[in-house]
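The values are calculated or read from the model by the stated rules, or taken from the named source; none is laboratory data. Just so you know, these numbers come straight off a predicted model, no measurement behind them. Cβ coordinates were reconstructed from backbone atoms using ideal geometry, including for glycine residues, and neighbour counts include every protein chain displayed. Accessible surface is based on the protein model in full, side chains and every heavy atom, while ligands, DNA and RNA are left aside. Shrake-Rupley method; radii C 1.70, N 1.55, O 1.52, S 1.80 Å.
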Amino acid sequence: MSINSDKVKRLLLGIDVSNWQGTVDWADHAETGVSFAFAKATEGGDYVDKWFARNWNGMRESWIVCGAYHFARPKGDPIEQARHFLRTIAQAGGLRRGDLVALDLETNDGARPERVARFARRWCHHVERHCGVRPFIYTFHAFANGGHCAGLAEYPLWIASPAKPRGRPDVPRPWQDWTIHQYSNSPIDRNIFHGTRKELTKLGYRPRRRR
């Protein structure tokens, strides 16, 4: 059996939301097979999505694997933005075992690719160092191939590729494989993970042991 056919057969369904969706019926999504989700938490150094806390708790109450993402503004300070993101999650109830985090990297704000990539690396390093979870990188093919994601291959790829068949997106540099595929964006963003719930949560938050 080929790797690709194996991925297509083992699919976990997910969605992602932001303030554009307004009130989300998480119980209904859970009943229709949604197993994981990402909600927008923050953007830049000071914006907080007004629906984030409600979405964060709604996912958890519906037994959906919880994910939070930050929309990067690469001309800003990556450490300030990472702190803002983590603080917002903490205020909404904090991270629990298996929760996921992601950096939405899709605009350069007029900055050169190397600056965008450096911003992303510093943001990810700060998040990983301070909460012990490796962020996903959400991006799209042309943006990544333009050099904006250099040095991020160690982070799992969440690729936006609605033009490609579900489970068969093109993989941009510097990655060799994808982890989550956003295969549709109408009427809501829909995603798949090629694995089980247990495999997905292994990529999430792990509480540090107390000494």
*Enumerate the pairs (first residue in the stretch 168-192 and open to solvent by less than 10 Å² (accessible area, probe 1.4 Å); second residue anywhere and of a type in the set (S, T, N, Q) and in a loop (DSSP other than H, G, I, E, B)) with beta-carbon separation below 8 Å, excluding pairs fewer than 6 apart on the same chain, so at least 6 apart or on different chains.*
H181/S161; Q182/S161
*Residue in the stretch 1-20 that is farthest from G167 (Cα to Cα), counting only those that are outside any loop (DSSP other than H, G, I, E, B) and modelled with pLDDT of 95 or more*: V17
*Looking at (1) in contact with a Ser or Thr (Cβ under 8 Å, 6 or more places away or on another chain); (2) over 23 Å from P156 (Cβ atoms); (3) modelled with pLDDT under 95, which is the only condition A27 fails?*
(3)
*Name the one entry in D99, D104, D109, D177 that is on the phi > 0 side of the Ramachandran plot, at pLDDT 95 or above and among the charged types (D, E, K, R).*
D109
*asked:* Condition first: of a type in the set (F, W, Y) and over 17 Å from T107 (Cα atoms). Now tell me which residues in the stretch 37-83 satisfy that.
replied: F38, W51, F52, W56, W63
*Could you check, for the stretch 195-206, whether at least one of its residues is without any contact (Cβ under 8 Å) to a residue 24 or more places away in the chain and open to solvent by less than 30 Å² (accessible area, probe 1.4 Å)?*
no
_Output for the stretch 176-211, where each listed residue is hydrophobic (A, V, I, L, M, F, W, C) and assigned to a loop (DSSP other than H, G, I, E, B)_ = W178, I188, L203
_In the stretch 145-167, residue nearest to the chain's Cα centre (by Cα) [restricted to those that are of a type in the set (G, A, S), under 21 Å from Y69 (Cα atoms) and exposed (fewer than 15 other Cβ atoms within 10 Å of the Cβ)]_ = A153
*Among the numbered criteria (1) among the small types (G, A, S); (2) exposed (fewer than 15 other Cβ atoms within 10 Å of the Cβ); (3) in contact with a Gly (Cβ under 9 Å, 6 or more places away or on another chain), which single criterion is violated by A142?*
(3)
